[in-house]
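Single-structure report; data block below.
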Amino acid sequence: MATRFIIEDTDHAQSLSQHGSLAEAWVELRRLSGIPWDQAPNIAPCTGWRTCGRSYEIIEFDTSLDPWREVQRVSGFGIRALGVVWAPDAQRDEP
């Protein structure tokens, strides 16, 4: 099975990046968590961005099918003015 891992802001149904492995996607999520909520790419795309935020997930897709089939979703973190809140099962630290 060929796979791709997409980081998506589920609050706004916006894909941010694609990765070849789950480990690569976690590295990118950790990088995103260090960027303030009011700076790109963490700034929410809506007009009410000052009171909004983003909620990131990693979505694994089977790319051998057309259209791609979702295999699983892994919670990442939410980011708002008050800071970053990691999902309880998120891999906050590198393995």
Any chance you could count how many residues in segment 71-95 are surrounded by 11 or more Cβ atoms within 10 Å (Cβ to Cβ) and among the acidic types (Asp, Glu)? 0
Pairs needed: first member in segment 45-61, more than 12 Å from residue 9 (Cα to Cα) and crowded, with 17+ Cβ neighbours inside 10 Å; second member anywhere, basic (Lys, Arg) and at pLDDT 90 or above; C-beta distance under 7 Å; at least 6 residues apart or different chains. 61/4; 61/69
Residue check for residue 38: among the acidic types (Asp, Glu) and either more than 26 Å from residue 3 (Cβ to Cβ) or touching a Ser or Thr at 6+ places or on another chain (Cβ under 8 Å) (or both): yes
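The values are calculated or read from the model by the stated rules, or taken from the named source; none is laboratory data. Given the structure is predicted, the values throughout are model-derived calculations rather than measurements. As a convention, Cβ positions derive from the backbone with ideal geometry for all residues, glycine included, and neighbour counts pool all protein chains shown.
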